[in-house]
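The values are calculated or read from the model by the stated rules, or taken from the named source; none is laboratory data. This structure is a prediction, so every number in the text was calculated from the model and none was measured. Cβ placement follows ideal geometry from the backbone for every residue including glycine, while neighbour counts extend to all protein chains displayed.
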Amino acid sequence: MAVLFFLGIYIKPHDRKFHLTLAYNFSQDHSSKLKSLAKKIDLRSSANWHLKIYSRESRFNGKQVHVVVEDYKATHSKELDLLVNNHVIMTSENHKYQPCSSWREGKSYETGKTGYFPESSTKKTAEWKIWSKNLSMTVFKNSTPQKTEVHQPIKMASRSQSFNAKKNRANHCQDNQNPTWSPIVLGATSSSKVNFLNSPFLSRKLTPQERSSENPIENSTLKKTIKMYDSNGTIKTAPAPEKDTFNSELRRIFVMRHAERVDLTFGHDWFNVYIDDKGYHRRNLNMPRRIPTRRGGPKDFFMDGPITEIGMFQAKLIGEAMRAKGISFSHVFSSPSLRSIQTAASVLDGMGDQQSKIKIEPALFEWMMWCKNNLPKFMANNELAEFGTKVDENYQPFFSLSQFNLHEKCDEYYYRSHAFVDHVVKNFSGNILMLGHSASLDVCTRILTGGSLRKTDDLIRVIQKVPFCGHVVIEQVSNKRWSLVQSSIPSLAHSQNQSFDWRVLQD
């Protein structure tokens, strides 16, 4: 019970009577037949029962749930992106959003976003599909009791989570098959909080051999000449990468959004699914190879999760492109969110920059409206350093966490961001890299380049077009004015890839 309390699970006594429904909503004509079948059951026979306890969110009571059967890419800010096996909660009846087809308004269960979508891309499904599983127990008669599994809430709506839940159940029947990924032990299963948090496995640094195996492309890859194999198998020499076409005497600030984040890929409660009292279970190749230890336990990952393996690759690609263009930075600033910090570290890794340290700046954090009036529990600099992240522990932030207005308005978000950028321009020299969030690209550059503040709806419309690792460049011209310029780094685009369940071939 102490472990459950530590993980943020609070159990209240249930004061209502339970009932078990074996047959429901059957025709009255079948009543006598069902009774005769029930009387024929031999209660002395051995039987296997699978007891599963679910909980549901009261805010979805009475709501119609649809499951996505066909992907749909939004073409307007009012529309929802649909991914196969995701779920949508209906919020209204038919809506004439498009004249040629039937569109509905709904809320994505996975992302929380509300918008319009084509009804033909979904189908009605049972409400229990989005329930959370809390306990699974197999009961055998005339046999030894089986182990009971106590689950952190598992949101069945997430396609990756539901696949992994099915995979776990299948593994119980495949004792001769070893799991692909072994769990990392956090500590003893006792209630000791110290053992849970101070596990050497969760926060250990990678060995040189591990680093080399994870980064097979050595720094020599992007030297002035690149050796390549032609179609005949002979080595040829390619020309050196094109250098940055910008004037090196001009000062530039790069503002970049973080890379792909775990919680938007595997669900906001991913830490309840992949972390238990035995450790962190990496059940998908896109999950991080390792995660940092949080002083408050796994629940501190809520609203402050890491980036995925694909996210690290995205950021490294950007860094490699910067190195190929001869771009370097005098200072690197990052939002205190873990996803931004890890993106900054991966960009520097791709650039081959082993010297720069990341300055953690709270002013770069996202608009408080997204945080539901509650700040995440950010990692401290010493925790990041223990995890192997190079942070500047001597840097004094311009903005402190205590200064955040939990009810921040849109214009206040602009002024907060601009005040920090103006401070950097006046007190730090050279080219600057700022890692933030989707809105950072606008709120950090809008006032400095002479633009007017956007209204809330306009800002939301803009940030919905900013992909992971999207970035903008502002350049200071000779008259001290700043202007937006085209980046010399190509854009990064790739398709979506959902989890695959081999059982679809059994249908």
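Just a few scattered comments:
- Residue match in region 361-370 (condition: under 17 Å from HIS437 (Cβ atoms), of a type in the set (Phe, Trp, Tyr) and out of contact with any Pro (no Cβ under 8 Å at 6 or more places or on another chain)): yes
- GLU366 being under 25 Å from PHE313 (Cα atoms) and assigned to a loop (DSSP other than H, G, I, E, B): yes
- Considering residues of region 471-507 that are outside any loop (DSSP other than H, G, I, E, B) and under 30 Å from VAL68 (Cβ atoms) only, the residue modelled with the highest pLDDT: LEU505
- Failed condition for ILE89, given (1) within 24 Å of the chain's Cα centre (by Cα); (2) at pLDDT 75 or above; (3) surrounded by fewer than 18 Cβ atoms within 10 Å (Cβ to Cβ): (3)
- Some residue of region 411-419 being among the basic types (Lys, Arg), in a loop (DSSP other than H, G, I, E, B) and at negative phi: no
- Looking only at residues in region 292-333 that are surrounded by 18 or more Cβ atoms within 10 Å (Cβ to Cβ) and of a type in the set (Val, Ile, Thr), the one that is farthest from ASP269 (Cα to Cα) is ILE327.
- Only one entry of MET256, MET312 meets the criterion of being of a type in the set (A, V, I, L, M), modelled with pLDDT of 90 or more and in a strand (DSSP E or B), and that entry is MET256.
- Residue ID - surrounded by the most Cβ atoms within 10 Å (Cβ to Cβ), chosen from residues in region 427-462 that are out of contact with any helix residue (DSSP H, G or I) (no Cβ under 7 Å at 6 or more places or on another chain) and part of a helix (DSSP H, G or I): LEU441
Listed here are the residues, each with its yes/no results for (1) under 26 Å from HIS407 (Cα atoms); (2) not polar (S, T, N, Q).
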site	(1), (2)
LEU317	no, yes
GLU320	no, yes
ARG323	no, yes
PRO336	yes, yes
ALA344	no, yes
VAL347	no, yes
MET351	no, yes
GLN354	no, no
TRP367	yes, yes
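- Residues that are among the basic types (Lys, Arg) and touching a residue at least 40 places away in the same chain (Cβ under 8 Å) were ranked within region 54-74; the one that is surrounded by the fewest Cβ atoms within 10 Å (Cβ to Cβ) is ARG56.
- Scanning region 334-352 for residues that are outside any helix (DSSP H, G or I) and surrounded by 20 or more Cβ atoms within 10 Å (Cβ to Cβ) yields SER334, SER335, PRO336, SER337.
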